[in-house]
Amino acid sequence: MALLDTYGLTATYGDFQALFGVDITLGEAETIAIIGANGAGKTTLMRSISGVLRNAPGMVQFNGRDIGALAADEIMAQGVAMVPEGRKLFPSLSVEENLLIGTYGRRVSGHWSLGSVYDLFPILKDRRHSPGTALSGGQQQMVAIGRALMSNPRVLLCDEISLGLAPVVIKDIYKAVPAIKAAGASLIVVEQDIGQAMAVADRVYCMMEGRVTLTGAPDALSRDAIHDAYFGAG
Ligand code: ATP
């Protein structure tokens, strides 16, 4: 049985329709990547799954339960956590205080604590009393991931975690993925970098203009098929 599914998911901003019947499925211990050009609807999909945007009932199923119409805090308590685009740290709070924010309303059982987040990203332990603003972009991204992990997620939604970071830093951050999986989470990763998406994901979904245009395992997708799904054929 899949851990999380969307069924004909739609989303609108006022009169503007951003998603048109998106079906995705995420298995236990699986990583899927969502790729697509600017404006394809990737962030909207993450916001819809996490409850930041409210859905109709029946559109999102998690762990055998309809979470489509739940509020964001209820969805987080069920075990779906989001690392938002742009990190969204509290700049005046320290690293440790930012991490502790992730514990509010969290799932009771799970692997994650300040200690296990510091084991994952040792630099954060050294910087634990520094304010968010004093950190590099990569360190801020580690805090954003750590904060989401503190809720003990079974599904971690990562929205463009490599945006604006140097390749060596991106590599460091993605090195955390196996440990996150080993601790019991599946991941949905939104990535503009197709190579990175292919490297990390068990399966890839490509979106264009609010629809899924291609899906499959990375080694089953040709460059041409990805190009067409990304930019449109012809
Ligand atoms: P990016 O890579 O630029 O983040 P994306 O694939 O994540 O792109 P979304 O941010 O989900 O795409 O945007 C999908 C569409 O919805 C775009 O046409 C965008 O302009 C529109 N959109 C996003 N947020 C809003 C909003 N708050 N109000 C109105 N339209 C929005």
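Could you give the DSSP H helices of the chain that reach 15 angstrom or more along their long axis (alpha carbon positions) and whose average Kyte-Doolittle hydropathy is no lower than -1.0?
137-149
Please compute the net charge surrounding LEU221, taking Lys and Arg as +1 and Asp and Glu as -1 over other residues with Cβ under 15 Å from its Cβ.
-3
Per residue, how much space in cubic angstrom lies within the convex hull of the C-alpha atoms of segment 39-130?
In segment 39-130, the Cα hull volume divided by residue count equals 124 Å³.
Relative contact order, percent, of segment 132-234 when contacts are C-alpha pairs under 8 Å separated by at least 6 residues?
Across segment 132-234, relative contact order equals 20 percent.
Filter the trypsin sites (Lys or Arg not before Pro) in segment 152-204 to those in DSSP coil with at most 12 other Cβ atoms within 10 Å of their Cβ, and list the result.
Passing both the DSSP loop test and the Cβ count: LYS175.
Full extension from SER136 to ARG54: what is 0.36 nm times the residue separation minus their Cα-Cα distance, to one decimal in nm?
26.2 nm
Please compute the modelled spin-label separation between TYR104 and PHE231, points set 7 Å along Cα→Cβ, answer in nm with one decimal.
So the two model labels end up 4.5 nm from each other.
Quick one: work out Rg over Rh on the C-alpha atoms of segment 144-194, Rh as Kirkwood radius. Write out the running numbers ahead of the final one.
On the way: Rg = 10.9 Å, Rh = 11.5 Å.
Checking Rg against Rh, the ratio lands at 0.95.
For segment 71-164, what does the relative contact order come out to in percent, with C-alpha contacts under 8 Å and a separation of six or more?
Worked out over segment 71-164, it gives 50 percent.
Where does the Debye-calculated log10 I(q)/I(0) of the chain sit at q = 0.11, 0.14 Å⁻¹, using only Cα point scatterers of equal weight, no solvent?
-0.53, -0.87
Sorted from largest down, give the three principal axis spans of the alpha carbons of segment 99-234, whole angstrom values.
Projected onto its principal axes, the Cα set of segment 99-234 covers 54, 32, 24 Å.
Can you pull the accessible area of MET150 for me, 1.4 Å probe, Å² to the nearest 10?
Solvent-accessible area, nearest 10 Å²: 0 Å².
How much length would be gained if the chain were fully extended between SER116 and ASP66, taking 0.36 nm per residue of separation minus their Cα-Cα distance, in nm to one decimal? Provide the component values of the computation, followed by the final result.
Working: separation 50, 0.36 × 50 = 18.00 nm, distance 3.09 nm.
Going from the current span to full extension adds 14.9 nm.
Less than 14 Å Cβ to Cβ from GLY105, Lys/Arg counted +1 and Asp/Glu -1: what total charge do the surrounding residues give?
The answer is +1.
Counting Lys +1, Arg +1, Asp -1, Glu -1, what net charge surrounds VAL22 among other residues with beta carbon under 13 Å of its beta carbon?
On the way: positive: LYS42, ARG47, ARG211; negative: ASP5, ASP23, GLU209.
My count for the surroundings of VAL22 gives 0.
Quick check: the distance between the Cα centres of segment 14-49 and segment 77-134, to the nearest angstrom?
25 Å
What accessible area per residue, rounded to a whole number of Å², is obtained for the chain using a probe radius of 1.4 Å?
On the way: 10420 Å² over 234 residues.
Computed with neighbouring chains in place, this is 45 Å² per residue.
To the nearest 500 deg cm²/dmol, what mean residue ellipticity at 222 nm is calculated for the chain from DSSP H runs of n ≥ 4 alone, each contributing -39,500 (n - 2.57), summed and divided by the residues?
Per the formula, -9000 deg cm²/dmol.
Which log10 I(q)/I(0) values does segment 157-234 give at q = 0.20 Å⁻¹ under the Debye formula, counting every alpha carbon as one identical point scatterer?
-0.95
Explain nothing, just the number: relative contact order of the chain, from Cα pairs under 8 Å at least 6 residues apart, as a whole percent.
So the answer I get is 27 percent.
The values are calculated or read from the model by the stated rules, or taken from the named source; none is laboratory data. Since the model is a prediction, treat every value here as computed from it, not as a measurement. Virtual Cβ from ideal backbone geometry, glycine too; neighbours counted across all protein chains shown. Accessible surface is based on the protein model in full, side chains and every heavy atom, while ligands, DNA and RNA are left aside. Shrake-Rupley method; radii C 1.70, N 1.55, O 1.52, S 1.80 Å.
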